[in-house]
Amino acid sequence: MKEQIPTILMICAGFLVADLYLIGGIRIGLKKWKFAQKRSFTITFWTVSFTFITGIFASIFLNLGLGFRAAFMLGFFLLAIAKIMFLPFILVDDLRRLLISIRRKFKKTKPDTASGQPDPFAIPRSEFLMKAGLLAGAIPLAGMAYGTISGVYDYRVKHRTLYLPNLPKAFDGIKLGQISDIHSGSFYNKKAVLGGVEMLLKEKPDFIFFTGDLVNKRTNEMDGYQDIFSKVKAPLGVYSSLGNHDYGDYADWPSEAAKKKNLDDLVTTHKNMGWDLLMNTNRRLKVNGEEIGILGVENWGSLSRFPKYGRLDLAAKNTDDLPVKLLLSHDPSHWRAQVLPHYPQIDMMFSGHTHGMQFGVQTENFQWSPVEYIYKEWAGFYHQGSQQLYVNVGYGFLGYPGRLGILPEITIFELKCKPA
C-alpha cells in the first residue's frame, strides 16, 4: 500500500490542476445560470473536489464503515471521468480561439462586427462547446443510474479452465462452481436472487465454493434468503468460508456475548443450508479412490482495517500427502502476503472481497477498476510460478446499490490435468 501513495498523490494533484482549468469552462457553459458566476459557486466547486479527494485517502487508509468507502471512491472516479470527458471540449474551444487570434494577427484584419460590438459568433460557439462538454460529462452519472437499475442482478456465468499439473486422473474434467460476497442484507429482489442461483445450478457443477461475506453486518439478514441459498447443492458438496463482514465487526452490539451469538448463528446458517464451513481446517475430496485437498481459512487481509483470523498452519495440517490443494480465502491480499512466501504447496487459492468495486471495465482481454489502486489482484486469474489465484467479483453488492461495468459473477471451472 505504501508504494502506491505517490501514484495516488500524483492522480489527486493532476485532478486539482485540471479543476483550475475546468471551472472556467463550466462558467461559460452555464453562462445564463447566475449561480455559476457567483463566489458561492466557486466555494461549492472546490468543496466538492476537496471532499472527494480527502475521501479517497480516508477510504484507503481508514475503516469508514459500511457504504462510506464505496460511496467516496465511486463518487471520486465518476467525477473524474466526467471531468476527463469535459476537458477535450474546453481544449478545442481554446484552440479555436488561438487559431482565430493568430489568423487575425497575420492578416491584420478586424472582426466583421461593427465597431465596439462583440463578435456575435465567438461566445455562442464557446457556449455551445461548453454545454456539449457538460452533456458528455454527465454520461457517467447516467451510467451510474442505469447500473443501479439493470446491473445489480445481471448475473454472468464465466467459464474458466483450471490447469493443475498434479491433478489426479479421476478429477480431470470435473466442474467446480464458485460464488462469493452474497451480502444478503443488500438484496431487495428475491426473484432476481433466485434467478442467479438457478443459473449456477443449471451449470451442474460437481462441487461448489463460497468464498465469504454471506451478510453485511448481522446473521438475521439471511432470514429471507436462507431458503434460496439452501438450493445451492452439488454432488461432491458445497464448501464455504467466512469474509470480513461475517463476524459482526461492523455492527454495534450490547455485549461481546451478543456478538459471539451472532457468529454462532451464522455458523449454524451455513450448516442449515448444507454448506460445509471451513474455519481454519480442511477436507479430503475423494473421487474413484483418488483425493485432493480443500483448505479453508477464516478471513485474513493484509490491510490493517480488516481482521486477521485466518490460520493457514491449521488449515494445511495433515495435507502433505495430497497431490493438489485448493484454498478458500476471502481476501485476495492473503495470497501475496502469506500463501506465496510460506505455502508453496498450495496450488490454487479462491477469493472474492473486492467486488471489482462494482465499477469499471471488464472484457476478455482487458479490465480496469479504481480498486486496482488498492488491490494488486482484484478480478480473474493470477499466476506466480506454479501457484494460482482466482478472484471472483461477487454475487451481491454493498454500499452503492448497483454495478456499472463489473457485473455479478458466477464462475464455473473445469479442472484439467494439462492443456489439450
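The values are calculated or read from the model by the stated rules, or taken from the named source; none is laboratory data. If you're wondering where the values come from, they're calculated on a predicted model, not measured in any experiment. We place every Cβ from the backbone using ideal geometry, glycine too, and count neighbours over all the protein chains shown.
Applying the condition of being within 20 Å of Gly224 (Cα to Cα) and hydroxyl-bearing (Ser, Thr, Tyr) to segment 156-195 and asking which residue is surrounded by the fewest Cβ atoms within 10 Å (Cβ to Cβ) yields Tyr188. For segment 339-357, the candidate set comprises residues that are within 21 Å of the chain's Cα centre (by Cα) and in a loop (DSSP other than H, G, I, E, B); within that set, the residue that is nearest to Gln178 (Cα to Cα) is Gly352.
Close contacts from segment 338-360, counting a first residue that is without any contact (Cβ under 8 Å) to a residue 60 or more places away in the chain and a second that is surrounded by 24 or more Cβ atoms within 10 Å (Cβ to Cβ) and among the polar types (S, T, N, Q), with Cβ to Cβ under 7 Å and a gap of 6+ residues or different chains, come to Met349/Ser329; Gly356/Ser369; Gly360/Ser369. Out of curiosity, is Gly399 touching a residue at least 40 places away in the same chain (Cβ under 8 Å) and touching a strand residue (DSSP E or B) at 6+ places or on another chain (Cβ under 6 Å)? Spelling it out, it is not the case that Gly399 is touching a residue at least 40 places away in the same chain (Cβ under 8 Å) and touching a strand residue (DSSP E or B) at 6+ places or on another chain (Cβ under 6 Å). Looking at this structure, is Gly248 more than 27 Å from Trp300 (Cβ to Cβ), surrounded by fewer than 24 Cβ atoms within 10 Å (Cβ to Cβ) and out of contact with any strand residue (DSSP E or B) (no Cβ under 8 Å at 6 or more places or on another chain)? So Gly248 fails the test. Taking segment 363-404 as the range and being on the phi > 0 side of the Ramachandran plot and out of contact with any helix residue (DSSP H, G or I) (no Cβ under 7 Å at 6 or more places or on another chain) as the test, the residues that pass are Gly380, Gly385. Exactly one residue out of Gly237, Gly212 is within 26 Å of Ser304 (Cβ to Cβ) and either at pLDDT 95 or above or surrounded by 16 or more Cβ atoms within 10 Å (Cβ to Cβ) (or both): that is Gly212.
Among residues of segment 252-280 that are at negative phi, those with a Cβ under 7 angstrom from a residue that is part of a loop (DSSP other than H, G, I, E, B) and of a type in the set (Gly, Ala, Ser), sequence gap 6+ or separate chain, pair up as Lys259/Gly248; Asn262/Gly248; Leu263/Gly248; Met273/Ser230; Asp276/Gly237. If you go through segment 395-405 one residue at a time, do you hit one that is touching a Leu at 6+ places or on another chain (Cβ under 8 Å), buried (at least 24 other Cβ atoms within 10 Å of the Cβ) and in a loop (DSSP other than H, G, I, E, B)? No: segment 395-405 contains no residue that is touching a Leu at 6+ places or on another chain (Cβ under 8 Å), buried (at least 24 other Cβ atoms within 10 Å of the Cβ) and in a loop (DSSP other than H, G, I, E, B). Might you check whether a residue that is in a helix (DSSP H, G or I) and modelled with pLDDT of 95 or more occurs anywhere in segment 408-418? No; the residues of segment 408-418 include none that is in a helix (DSSP H, G or I) and modelled with pLDDT of 95 or more.
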